[in-house]
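Asks: One structure coming up, written as structure tokens, with questions to follow.
The values are calculated or read from the model by the stated rules, or taken from the named source; none is laboratory data. In this text the structure is predicted, and so the values were computed from the model without any measurement. Heads up, the Cβs are rebuilt from the backbone with ideal geometry, glycines too, and the neighbour counts pull from every protein chain shown.
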Amino acid sequence: MIARADFAAIARWVEPNAKVLDLGCGDGTLLKYLKEARNAHGYGIEIADANILACVEKNVNVIQMDLEAGLSGFEPQSFDFVILSQTLQAMRNIELVVKEILRVGRQGIVTIPNFGYWRRRIQIIGGRMPVSKDLPYQWYDTPNIHLCTFVDFEAFCRDQGVRILERHVMCDGDDVSLLPNLLGNLAVYRFEKA
Amino acid sequence: MHTQTNSVGIVTPQTAHFDTPIILKSGATLDSYDLVYETYGTLNADKSNAILVCHALSGHHHVAGYHSEQEKRPGWWDNMIGPGKPVDTERFFVIGLNNLGGCHGSTGPSSPDPKTGKPYGKAFPFVTVEDWVETQARLADRLGIESFAAVMGGSLGGMQALSWTILHPQRVRHALVIASAPGLTAQNIAFNDVARQAILTDPDFHGGDFYAYGVVPRRGLRLARMLGHITYLSDDVMGEKFGRILKNDVFQFGYGVEFEVESYLRYQGDKFADSFDANTYLLMTKALDYFDPTHHHRVGLSSAMSPAQADFLVISFTSDWRFAPGRSREIVKALLDNDRRVSYAEITAAHGHDAFLMPDPHYHALVRAYMNNAAKGLGI
């Protein structure tokens with residue numbers, strides 16, 4: 001059983017025996033899954049004490065540090081994949097983190113929620129900020145300070161010299177191929193330096 | 001009174017005598033020496049469950065439990081080691097020893113020199129972290145331990161754990177390096193030198209041969225310990241503990257004890273001066289200053305640590321300014337560069353460097369979780 005919809009998609013892209021760095025790795029579930037499914041090895045980065053303990057309990061390597069400060073301590077191109085699963089939208093300096101992902105990793109894998117998802121659009125038209133199961137916060141307590149649509153993210157990648165290699169769009173765990181920016185609420189991107 | 005279910009209970013130190021001369025890093029040779037040690041738990045049949053606990057500047061072999069029913073305080077890391085504790089003596093066989101040059105039973109400057117029958121004093125050679133690792137390895141040989149499940153320590157003890165992984169990579173499965181550093185900073189060496197100068201300039205020091213005069217350089221030792229103590233605590237915790245509280249309500253306009261903090265420091269200084277050997281203090285601070293795995297290689301820490309094979313748990317404490325988190329991160333960086341398995345935690349703690357001896361629940365939960373997995377991995 002995989003805890004999050006994007007984990008299986010990420011695991012499909014991670015090559016066997018790959019070296020991965022999971023930014024904002026939470027309780028280490030993804031890294032443990034990647035080790036079991038792909039024999040991947042590597043490290044997670046986390047800031048929260050409870051998550052550090054959860055990772056150590058799972059026998060997942062974890063480094064306690066603040067991602068917002070960049071990835072100093074990690075050598076250029078020292079990982080096959082640098083993963084950022086549903087964390088990007090909560091970060092202050094998106095440009096820095098994407099730059100750091102591609103400095104340290106050969107490829108980046110990023111999961112983002114889609115603010116252009118139709119249900120959210122309807123909530124906005126109704127005059128309220130969107131609140132849903134996948135983005136459950138109110139406007140005043142949300143950690144998600146940098147929400148965007150898929151179209152926004154892809155434009156950002158073009159501007160930053162980031163080449164998107166693959167995109168997997170989902171809605172509540174099911175694959176979406178039609179009108180992704182309208183019907184998808186989550187996407188996983190795999191990318192490299194253009 | 002000392003039979004709590006989570007205590008190792010009453011323990012008896014043992015002494016191992018070594019007759020094979022050891023050539024120390026300084027070039028000096030010791031023909032024979034004793035190491036005093038304690039063990040807790042039971043060594044399993046394949047001798048795979050042994051843990052070596054390395055002590056810091058003023059530590060010793062009495063790590064856990066009590067020497068007698070009368071002893072008021074348990075060993076110095078009793079909150080960490082015992083049955084059901086983070087380092088569980090129901091599963092692991094734990095060894096604590098007093099390092100060579102110490103003053104708690106192992107051969108040191110206050111021990112009689114077999115050549116003269118008098119204390120070594122200034123004739124006792126300098127010892128380094130690497131020398132300690134060598135003597136610890138000999139003790140392991142004596143006990144039939146080929147490989148340690150873990151070598152662990154805080155501060156100077158963490159340096160020994162680190163050194164073990166470099167010098168004997170095949171003999172360490174896990175290293176727990178806590179509140180430590182890959183080498184002292186200039187500021188840190190400076191503190192040590194002030195402490196040493198306090199001892200060296202005490203008229204009762206007699207060039208290190210004070211034993212013959214029936215005196216102890218108490219004033220120097222006391223000052224050294226008072227200075228050390230200030231640096232082991234944080235400004236915040238001192239403020240919280242003592243603030244500007246006066247022993248009496250009014251200023252005395254004198255140099256006696258007025259502030260609570262003065263009372264505390266003088267008490268700590270006196271207690272230490274009564275129990276610790278001045279020459280050992282000098283030796284231990286020099287061992288701290290000399291420790292630098294990169295020194296002999298003229299390479300970076302990552303290269304110096306490339307022989308290490310162990311898995312690591314590295315822990316620092318936010319308010320520790322003597323062995324600051326940044327120093328632990330240097331160790332972590334070197335391990336990352338070598339693709340070693342490592343987890344690193346920065347514990348939010350108010351107690352400064354001393355935090356590594358405190359029973360912080362998160363800190364202890366981390367060590368417990370790490371050791372659980374270590375035990376599983378080793379089939380213990």
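Asks: State which residue pairs qualify: first residue over 14 Å from B:LYS333 (Cβ atoms) and inside segment A:62-74, second residue assigned to a strand (DSSP E or B) and of a type outside the set (Ser, Thr, Tyr) in any location, beta carbons under 7 Å apart, and separation of 6 or more residues or different chains.
Replies: From residues that are over 14 Å from B:LYS333 (Cβ atoms), the pairs are A:VAL62/A:GLY44; A:VAL62/A:GLU46; A:LEU67/A:LEU23; A:LEU67/A:ILE45.
Asks: Quick test for you: out of B:ARG142, B:ARG73, B:ARG91, pick the one residue that is basic (Lys, Arg) and under 15 Å from B:SER32 (Cα atoms). Give the derivation first.
Replies: Numbers: B:ARG73 fails: under 15 Å from B:SER32 (Cα atoms); B:ARG91 fails: under 15 Å from B:SER32 (Cα atoms).
Exactly one of B:ARG142, B:ARG73, B:ARG91 is basic (Lys, Arg) and under 15 Å from B:SER32 (Cα atoms), namely B:ARG142.
Asks: A further question follows. Quick check, is B:VAL332 of a type in the set (Val, Ile, Thr) and touching a His at 6+ places or on another chain (Cβ under 9 Å)? Give the derivation first.
Replies: Numbers: of a type in the set (Val, Ile, Thr): yes; touching a His at 6+ places or on another chain (Cβ under 9 Å): no.
The answer is no for B:VAL332.
Asks: Report yes if B:PHE323 is part of a helix (DSSP H, G or I), away from every other protein chain (no Cβ under 11 Å) and of a type in the set (A, V, I, L, M, F, W, C), otherwise no.
Replies: Details: part of a helix (DSSP H, G or I): no; away from every other protein chain (no Cβ under 11 Å): yes; of a type in the set (A, V, I, L, M, F, W, C): yes.
Considered against the rule, which asks whether it is part of a helix (DSSP H, G or I), away from every other protein chain (no Cβ under 11 Å) and of a type in the set (A, V, I, L, M, F, W, C), B:PHE323 comes out as no.
Asks: Could we say that B:TYR281 is under 18 Å from the mean Cα position of the chain (by Cα), part of a helix (DSSP H, G or I) and either buried (at least 16 other Cβ atoms within 10 Å of the Cβ) or modelled with pLDDT of 95 or more (or both) here?
Replies: In short, yes.
Asks: Mind checking which residues of segment A:47-82 are part of a helix (DSSP H, G or I), modelled with pLDDT under 95 and buried (at least 16 other Cβ atoms within 10 Å of the Cβ)?
Replies: Applying the first criterion (part of a helix (DSSP H, G or I)) to segment A:47-82 yields A:49-57, A:67-69.
Narrowing the set further to residues that are modelled with pLDDT under 95 leaves A:67-69.
Correct list: A:LEU67 only.
Asks: From B:GLY214, B:GLY256, B:GLY239, B:GLY243, grab the single residue that is under 22 Å from B:THR107 (Cα atoms) and exposed (fewer than 15 other Cβ atoms within 10 Å of the Cβ).
Replies: On the way: B:GLY256 fails: under 22 Å from B:THR107 (Cα atoms); B:GLY239 fails: under 22 Å from B:THR107 (Cα atoms); B:GLY243 fails: under 22 Å from B:THR107 (Cα atoms).
That would be B:GLY214, the only listed residue that is under 22 Å from B:THR107 (Cα atoms) and exposed (fewer than 15 other Cβ atoms within 10 Å of the Cβ).
Asks: Right, another one. Within the bounds of segment A:148-168, is there any residue that is in contact (Cβ under 8 Å) with a residue 60 or more places away in the chain, crowded, with 18+ Cβ neighbours inside 10 Å and in contact with an Asp or Glu (Cβ under 8 Å, 6 or more places away or on another chain)? Break it down stepwise before answering.
Replies: Step one: filter segment A:148-168 for residues in contact (Cβ under 8 Å) with a residue 60 or more places away in the chain, giving A:156, A:160, A:162, A:166, A:168.
In the following step, the residues that additionally are crowded, with 18+ Cβ neighbours inside 10 Å were identified as A:162, A:168.
Still in the list and also in contact with an Asp or Glu (Cβ under 8 Å, 6 or more places away or on another chain): A:162, A:168.
Yes, segment A:148-168 contains at least one residue that is in contact (Cβ under 8 Å) with a residue 60 or more places away in the chain, crowded, with 18+ Cβ neighbours inside 10 Å and in contact with an Asp or Glu (Cβ under 8 Å, 6 or more places away or on another chain).
Asks: Return the residues of segment A:19-46 that are within 13 Å of chain B (Cβ to nearest Cβ), in contact with a helix residue (DSSP H, G or I) (Cβ under 7 Å, 6 or more places away or on another chain) and surrounded by fewer than 20 Cβ atoms within 10 Å (Cβ to Cβ); say none if nothing qualifies.
Replies: Answer for segment A:19-46, where residues must be within 13 Å of chain B (Cβ to nearest Cβ), in contact with a helix residue (DSSP H, G or I) (Cβ under 7 Å, 6 or more places away or on another chain) and surrounded by fewer than 20 Cβ atoms within 10 Å (Cβ to Cβ): just A:HIS41.
Asks: I would also like to ask the following. Which one is surrounded by the fewest Cβ atoms within 10 Å (Cβ to Cβ), of the residues in segment B:328-347 that are polar (S, T, N, Q) and outside any helix (DSSP H, G or I)?
Replies: Initial filter on segment B:328-347 (polar (S, T, N, Q)): B:328, B:338, B:343.
So of that shortlist, the ones also outside any helix (DSSP H, G or I) come out as B:338, B:343.
Numbers: B:ASN338: 16, B:SER343: 27.
In this case the residue turns out to be B:ASN338.
Asks: Hey, can you tell me all the residues within segment B:295-346 that are more than 17 Å from A:ASP49 (Cβ to Cβ), polar (S, T, N, Q) and under 20 Å from the mean Cα position of the chain (by Cα)?
Replies: none
Asks: Scan (1) within 19 Å of B:VAL8 (Cβ to Cβ); (2) without any contact (Cβ under 8 Å) to a residue 60 or more places away in the chain; (3) not in a strand (DSSP E or B) for the single condition B:TRP76 breaks and write down its number.
Replies: Failed condition: (2).
Asks: Quick one: count up the residues across segment B:328-366 that are touching a strand residue (DSSP E or B) at 6+ places or on another chain (Cβ under 7 Å), over 13 Å from B:PHE312 (Cα atoms), of a type outside the set (A, V, I, L, M) and within 11 Å of chain A (Cβ to nearest Cβ).
Replies: Selection size over segment B:328-366: 4.
Asks: Any residue that is within 22 Å of the chain's Cα centre (by Cα) and surrounded by fewer than 23 Cβ atoms within 10 Å (Cβ to Cβ) - is there at least one of those in segment B:90-97? Talk me through it step by step, then tell me what you get.
Replies: Keep residues of segment B:90-97 that are within 22 Å of the chain's Cα centre (by Cα), which gives B:92-97.
Cutting the leftovers down to surrounded by fewer than 23 Cβ atoms within 10 Å (Cβ to Cβ) gives us B:93.
For segment B:90-97, residues within 22 Å of the chain's Cα centre (by Cα) and surrounded by fewer than 23 Cβ atoms within 10 Å (Cβ to Cβ): present.
Asks: Say whether the condition of being assigned to a loop (DSSP other than H, G, I, E, B) and surrounded by 16 or more Cβ atoms within 10 Å (Cβ to Cβ) is met by at least one residue in segment B:260-275.
Replies: Taking segment B:260-275 as the starting set, the residues that turn out to be assigned to a loop (DSSP other than H, G, I, E, B) are none.
No: segment B:260-275 contains no residue that is assigned to a loop (DSSP other than H, G, I, E, B) and surrounded by 16 or more Cβ atoms within 10 Å (Cβ to Cβ).
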